[in-house]
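Here is the structure we will look at.
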Amino acid sequence: SWFVGGVVLLVLVRTGLLPAGDADASAGAAPGGRVRLALEQITVRHALVIGFAQCLAMWPGTSRSLVTIVAAVLGGFRLAAAVGFSFLLGLATLGAATLYDLVRNGGVIVEAYGVAAPVVGFLAALVSAVVAVRWMVTYLQRHSLAIFGWYRIAVAAATAVLLVGGVM
């Protein structure tokens, strides 16, 4: 999936289906001449399509956030809107999974780590997520997603070499 995802990203960037840099903000047009939509313009229908697209991330090695970003951009949204919505969708999805796990195993977690350590861990994760999303939006205003395609291909190749070499 790393390799396949990398190739898909590179093809989408090369064909112009995924905008390079700030092209979507300045030109404001999606493929076919449609105006690219902002985060505030996401409808329930858009959210459902993008949400169902994240099911592709059940394939091990597939990035949930990357799938939702690509789905949103292909659905006509600006890259910044796609990244923002992916973060919000992840917050809801991962937040629900965390609450479910907390209800099932909260006593075990508190018994093993106390209350302070999980709270500090949650806050650190929240702050790092906000910083990462801001960095990503800023990066994508000037660059394309192609670097992530090449990264995925490189990771797939390195993993294949390690597997063939018997290291893994």
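Might you check whether a residue that is closer than 20 Å to residue 138 by Cα, exposed (fewer than 13 other Cβ atoms within 10 Å of the Cβ) and at pLDDT below 55 occurs anywhere in the stretch 12-27? Yes - at least one qualifying residue is present in the stretch 12-27. Considered as a group, the residues in the stretch 35-80 that are among the polar types (S, T, N, Q) and farther than 30 Å from residue 156 by Cβ include one that is most open to solvent (accessible area, probe 1.4 Å), and that residue is 41.
Checking 114, 107, 149 one by one, the residue that is more than 22 Å from residue 60 (Cα to Cα), open to solvent by less than 50 Å² (accessible area, probe 1.4 Å) and either out of contact with any Pro (no Cβ under 6 Å at 6 or more places or on another chain) or without any contact (Cβ under 8 Å) to a residue 12 or more places away in the chain (or both) is 114 and no other. Considering the conditions (1) open to solvent by 30 Å² or more (accessible area, probe 1.4 Å); (2) polar (S, T, N, Q); (3) closer than 19 Å to residue 1 by Cα, residue 98 is excluded by exactly one of them, (3).
The values are calculated or read from the model by the stated rules, or taken from the named source; none is laboratory data. Everything numeric here is computed off the predicted structure, so don't read it as measured data. All Cβ positions, even for glycine, are placed from backbone atoms using ideal geometry, and neighbour counts span all protein chains on display. For accessibility, only protein heavy atoms count, side chains too; no ligands or nucleic acids. Shrake-Rupley method; radii C 1.70, N 1.55, O 1.52, S 1.80 Å.
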